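Participant: Okay, here's the structure, questions in a sec.
The values are calculated or read from the model by the stated rules, or taken from the named source; none is laboratory data. Since the model is a prediction, treat every value here as computed from it, not as a measurement. All Cβ positions, glycine included, derive from the backbone under ideal geometry; neighbour counts span all protein chains shown.
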Amino acid sequence: MARRVRRRGRTHVLSAALALALLVPRAAPAQSIGDRYDALVAQYARGDHENAAVAFSSWSRSDVSAAIARAEALKGRPARAAVMLHTETGVALLIADETNNAVVHLNGASRLVSAMRSGRPDERAQRFASRWLAFIATVYVGHGMLGHADRTIRDALTWYPREPLLYVARGVLEETLIGMTFVDLRSGNQLARLARAYESAAADYRRAIRLDDGLAIAHLRLGWVHLTLHDDRARENFDAALASATSLRDKYLAHLFLAAAAEKANKLDDAQRHYEAARQTAPGCQTPYIALTRVEGALGHTARAREIAATLTALPEKTNDPWWDFHLGGFDQLSLLALRAEAAGE
């Protein structure tokens, strides 16, 4: 069951249809490995991400290994596109439960990032590498590959100790490990240990904020820890996240969590206002509708609660809810989009 739930946060990288397509065997064209690989890298760089990954997914491990060796000599845009081609193919294979083949691609992408870092990489290459390492750590966490995530983050922090997203990733990993630990809520000692464990994650989020005060996701994660621990600083963190948010995802989550904090404090009018703002920000996401029906009912607005429930039922299409990515491992959709853009940039 847990495995199925985790998948709700996985399909942002590539569509579910693509994941199914990866299971269909395809004949390889009669071209050299080098020519085929160069063509796929160029196709990915043009923005045709899914079709490039579908084609690449059918390659044998030996051909993939040969392609990785070839890619180590690439520079600039082709190098970035090659990293992301292997990354997206690997993640799609994880979705399709082809874990062994996925790891070949993800290890290959890591090898290419290491090659990118060697010598005298320019600032752009360093930024791409640090962001990729933080992103792939969230992929590993979201897929339950916690050992891979831990090793990636530890190594990356030795190279990029001032990359705030790496501290966010480490905090998410720590939260995930906490969530796997049984705690007897009747035991004061166990509750104290739980609070100390959460404080370790909170310290990483604070470090990220010191490095980049405008990083909304760090404020959101710190606020979530405070909310979990019944710490009144949660609202302040969520306010800071809303003030610094530059994406619809971060604005949506900030409103959603401000509403949750208000509801927890029984400030139902504030909760209603922020849940409504979350719904307006992301009208295709289910969570605000469900929360609003609960709050409106508690306020005695029965007709309004029924109206909201009917609106949810009538939605023509329900979109992926960022709450699930946040809750199930912190999959970083925004970093993926930024890395894709870098792969396409000159």
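Participant: What is the one condition in (1) at pLDDT 95 or above; (2) on the phi > 0 side of the Ramachandran plot that residue 150 does not satisfy?
Facilitator: (2) is the only condition that residue 150 fails.
Participant: Sticking with this structure for a sec: Go over the candidates 131, 170, 193 one by one and state the one that is in the same structural domain as residue 221 (by TED's automatic domain parsing), basic (Lys, Arg) and within 29 Å of residue 342 (Cα to Cα).
Facilitator: 170
Participant: Select, from 220, 227, 248, the only residue that is crowded, with 17+ Cβ neighbours inside 10 Å and farther than 27 Å from residue 157 by Cα.
Facilitator: 227
Participant: Next question, about the same structure. Tell me yes or no: at least one residue of the stretch 154-163 is at pLDDT below 95 and either crowded, with 16+ Cβ neighbours inside 10 Å or within 15 Å of residue 327 (Cα to Cα) (or both).
Facilitator: So far as the stretch 154-163 goes, no, none of its residues is at pLDDT below 95 and either crowded, with 16+ Cβ neighbours inside 10 Å or within 15 Å of residue 327 (Cα to Cα) (or both).
Participant: Then there's this: Quick one: in the stretch 121-150, which of the residues that are charged (D, E, K, R) and part of a helix (DSSP H, G or I) is surrounded by the fewest Cβ atoms within 10 Å (Cβ to Cβ)?
Facilitator: Taking the candidates together, the pick is 123.
Participant: Going by the structure shown, is residue 337 part of a helix (DSSP H, G or I) and either free of Cβ contacts under 8 Å to residues at least 40 places away in the same chain or buried (at least 21 other Cβ atoms within 10 Å of the Cβ) (or both)?
Facilitator: yes
Participant: For the condition over 23 Å from residue 229 (Cα atoms) and in contact (Cβ under 8 Å) with a residue 24 or more places away in the chain, what is the one hit in 160, 167?
Facilitator: One residue alone meets the criteria, 160.
Residue-wise test of (1) over 30 Å from residue 131 (Cα atoms); (2) among the hydrophobic types (A, V, I, L, M, F, W, C).
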{"site": "272", "(1), (2)": "yes, no"}
{"site": "277", "(1), (2)": "yes, yes"}
{"site": "306", "(1), (2)": "yes, no"}
{"site": "319", "(1), (2)": "no, no"}
{"site": "327", "(1), (2)": "no, no"}
{"site": "341", "(1), (2)": "no, yes"}
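Participant: Within the stretch 318-330, does at least one residue satisfy the condition of being surrounded by fewer than 18 Cβ atoms within 10 Å (Cβ to Cβ), hydroxyl-bearing (Ser, Thr, Tyr) and either in contact with a Leu (Cβ under 8 Å, 6 or more places away or on another chain) or free of Cβ contacts under 8 Å to residues at least 24 places away in the same chain (or both)?
Facilitator: No, that holds for no residue.
Participant: Here's another thing I want to ask about it. Just need a number here: residues in the stretch 289-317 that are surrounded by fewer than 16 Cβ atoms within 10 Å (Cβ to Cβ), of a type in the set (Asp, Glu) and in contact (Cβ under 8 Å) with a residue 24 or more places away in the chain.
Facilitator: Number of matching residues: 1.
Participant: Here's a follow-up. Find the residue count for the stretch 265-318, including only residues that are in contact with a His (Cβ under 6 Å, 6 or more places away or on another chain) and closer than 24 Å to residue 229 by Cα.
Facilitator: Number of matching residues: 2.
Participant: Can you pull out the residues in the stretch 103-120 that are assigned to a helix (DSSP H, G or I) and more than 24 Å from residue 176 (Cβ to Cβ)?
Facilitator: Answer for the stretch 103-120, where residues must be assigned to a helix (DSSP H, G or I) and more than 24 Å from residue 176 (Cβ to Cβ): 104, 108, 111, 112, 114, 115, 116, 117.
Participant: Report the residue count in the stretch 170-196 for those that are in contact (Cβ under 8 Å) with a residue 40 or more places away in the chain and of a type in the set (A, V, I, L, M, F, W, C).
Facilitator: Residues flagged as in contact (Cβ under 8 Å) with a residue 40 or more places away in the chain and of a type in the set (A, V, I, L, M, F, W, C) within the stretch 170-196 amount to 1.
Participant: Among the numbered conditions (1) surrounded by fewer than 24 Cβ atoms within 10 Å (Cβ to Cβ); (2) touching a Gly at 6+ places or on another chain (Cβ under 7 Å), tell me where residue 242 comes up short.
Facilitator: (2)
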